[in-house]
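The values are calculated or read from the model by the stated rules, or taken from the named source; none is laboratory data. Just so you know, these numbers come straight off a predicted model, no measurement behind them. Cβ: placed from backbone, ideal geometry, glycine included. Neighbour counts: every protein chain shown. What goes into the accessible areas is simple: the full protein's heavy atoms, side chains included, and nothing from ligands, DNA or RNA. Shrake-Rupley method; radii C 1.70, N 1.55, O 1.52, S 1.80 Å.
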Amino acid sequence: MGVAGPFPSYAARPPGPVMDRDEADRALARLGAEHEAIETSLLALQDHAGRRLLEGAELSGVTKERWTVTERSITLLWSYFEAYAGVLDEARRVRARRRHPNREDLATLTELLRGQGVTVAHGAAGHDPSVTGPARLSERFTLEELVSRMNGLYASALDMVVASDTVWSAMPARIDLLAAELRRTHSLAHSVGVRPGEHPSGDDLEAITEELATLRAQVISDPLAFWLPGPGSAAPGGGRPDTTRYDRAARALDEVRREVEAVLAVRQDAEQRLVHLRDVLSRADRTLAEARLARGEVLAKIAASEVPVVNGPPTALQERLAAASEYRRHARWHRLSPLLETLEREAEEELLRAREQLTAVTAPLAVRAELRGRLDAYRAKVARHGLAEDPVLIERYDAARRMLWSAPCDLRVAAQAVQRYQDAALELLGGGGAPGPQDRRGHGWDGPGS
């Protein structure tokens with residue numbers, strides 16, 4: 001059942017001239033309608049689900065304090081309402097004496113309806129200074145003043161009841177849904193070895209479980225501790241539940257769920273990823289073996305070259321790969337998940353380093369091959385022009401060829417010999433022809449050992 005709004009305001013004028021019969025009748029009709037509206041609001045507050053929950057709950061904190069005051073306010077409201085109803089009944093009796101009231105009747109009606117005709121004895125009403133101000137044995141009100149006092153007490157009581165009911169209606173249900181999701185995640189995590197003390201996410205799950213249990217208990221016992229009043233809102237119940245702690249727990253659970261899903265993904269494709277890792281490390285081994293062979297060849301065939309040392313096979317990665325295989329064999333997915341991610345990254349880096357070492361080691365051989373190619377390219381060019389039998393070219397070609405096809409080869413001297421052959425060829429071709437293939441590094445050798 002809903003709760004009505006504030007009581008209607010009493011619009012009577014202060015005592016003054018005695019009312020005539022029509023004024024008295026209109027005032028009584030207005031007060032009768034006001035009486036019904038007040039009674040409807042009070043009954044609605046009495047039947048409000050939030051009020052019934054507050055009466056039956058084990059309260060604590062700020063909610064307990066405010067409910068103690070609110071209960072007194074509700075009791076006082078009914079006392080005020082009874083006093084109001086008493087004055088209204090008395091005025092109706094006075095008006096019912098005669099069809100045409102005399103001046104004495106009209107004066108009495110004027111005093112009852114406009115004067116301070118309502119007396120409330122606070123001893124009988126359970127007066128509380130925290131509710132109505134300093135203690136008095138009794139108070140006298142006009143009907144307008146009494147309605148204003150009732151409006152204030154009613155708004156305060158309704159605000160407290162509606163706020164508590166809103167928190168209770170929203171928060172426990174959301175917490176229960178999150179707790180159900182937590183239980184499903186916990187079961188899934190346990191199945192893949194994500195347990196407290198063994199995996200950080202297992203510890204996080206325990207912490208979230210404790211937080212949700214504590215949060216639910218506090219929401220039930222002290223809902224107003226989780227209420228944020230609306231800024232600038234004077235309406236009863238204006239505001240919203242404070243879900244800060246709930247939202248934080250929900251985000252933490254999402255992070256754990258993603259971690260568990262990552263572990264599950266590892267369980268599903270672990271073998272494929274392990275096979276890929278073995279392949280990458282095998283290629284790195286083969287590349288390093290090729291680099292070691294190439295280094296021996298370079299040292300034997302190229303003179304005056306500093307050839308970098310080639311690293312050995314990545315034994316540490318192989319050992320960790322063996323550990324990963326053991327984790328898979330014993331279904332320790334929570335340990336396998338981070339290890340696989342690290343191994344995949346480091347294995348690719350190892351293969352890249354092996355390729356870089358092979359390139360560095362074989363650089364002198366590449367330079368020699370480039371010089372050979374340039375020498376043959378110029379020889380073919382001069383042959384097309386019928387100059388291949390020129391004695392100078394033959395001499396310089398033979399000298400360069402002996403250097404490039406003998407071991408060990410001094411690349412610096414060989415490069416100079418090729419350049420001399422190239423210069424002689426260009427001179428015979430007229431000196432104005434376009435130069436042939438050029439060493440990308442320039443005319444001289446500036447590789448290792450230069």
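Checked against the criterion of being loosely packed, with under 13 Cβ neighbours inside 10 Å and modelled with pLDDT under 95, the candidates ARG258, ARG240 yield just one match: ARG258.
If only one of GLY32, GLY50 is of a type outside the set (Val, Ile, Thr) and in contact with a helix residue (DSSP H, G or I) (Cβ under 6 Å, 6 or more places away or on another chain), which one is it?
Values: GLY32 fails: in contact with a helix residue (DSSP H, G or I) (Cβ under 6 Å, 6 or more places away or on another chain).
So the residue among GLY32, GLY50 that is of a type outside the set (Val, Ile, Thr) and in contact with a helix residue (DSSP H, G or I) (Cβ under 6 Å, 6 or more places away or on another chain) is GLY50.
Okay, residues lined up against (1) modelled with pLDDT of 85 or more; (2) at positive phi; (3) aliphatic (A, V, I, L, M):
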{"site": "ARG379", "(1), (2), (3)": "yes, no, no"}
{"site": "ARG384", "(1), (2), (3)": "yes, no, no"}
{"site": "ALA414", "(1), (2), (3)": "yes, no, yes"}
{"site": "GLU427", "(1), (2), (3)": "yes, no, no"}
{"site": "GLY431", "(1), (2), (3)": "no, yes, no"}
{"site": "TRP445", "(1), (2), (3)": "no, no, no"}
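Restricting to segment 277-286, and then to whatever is open to solvent by 40 Å² or more (accessible area, probe 1.4 Å) and touching a residue at least 24 places away in the same chain (Cβ under 8 Å), can you tell me which residue is farthest from the chain's Cα centre (by Cα)? Only one residue tops the list, namely ASP285. Among the residues of segment 71-93, how many are surrounded by 14 or more Cβ atoms within 10 Å (Cβ to Cβ), closer than 14 Å to VAL118 by Cα and among the acidic types (Asp, Glu)? Matching residues across segment 71-93 total 1. Annotation for segment 307-317: at least one member residue is of a type in the set (A, V, I, L, M, F, W, C), within 45 Å of the chain's Cα centre (by Cα) and either in a helix (DSSP H, G or I) or within 30 Å of PRO200 (Cβ to Cβ) (or both).
Only one of the numbered conditions (1) outside any helix (DSSP H, G or I); (2) closer than 17 Å to THR214 by Cβ is not met by ALA179, and that is (1). Is it true that ALA170 is in contact with a strand residue (DSSP E or B) (Cβ under 9 Å, 6 or more places away or on another chain) and open to solvent by less than 60 Å² (accessible area, probe 1.4 Å)? The answer is yes for ALA170.
Residue count for segment 296-318, restricted to those that are open to solvent by 30 Å² or more (accessible area, probe 1.4 Å) and over 30 Å from GLU259 (Cβ atoms): 13. Cβ separations smaller than 8 Å between residues 6+ apart or across chains give the following pairs from segment 90-108 residues that are within 17 Å of PRO17 (Cα to Cα) to residues that are in a loop (DSSP other than H, G, I, E, B): ARG103/VAL18; ASP105/ARG97; ASP105/ARG98; LEU106/VAL18; LEU106/MET19; LEU106/ASP20; ALA107/VAL18. Residues in segment 182-226 that are at positive phi and either crowded, with 18+ Cβ neighbours inside 10 Å or in a helix (DSSP H, G or I) (or both): GLY193 alone. Taken together, the residues in segment 319-342 that are at pLDDT below 85, in a helix (DSSP H, G or I) and exposed (fewer than 13 other Cβ atoms within 10 Å of the Cβ) amount to 2. Looking only at residues of segment 364-380 that are within 15 Å of VAL413 (Cβ to Cβ) and within 60 Å of the chain's Cα centre (by Cα), we find that the one that is surrounded by the most Cβ atoms within 10 Å (Cβ to Cβ) is PRO364.
Of the listed requirements (1) closer than 30 Å to GLY197 by Cβ; (2) of a type outside the set (S, T, N, Q); (3) modelled with pLDDT of 80 or more; (4) crowded, with 18+ Cβ neighbours inside 10 Å, ARG345 misses just one: (4).
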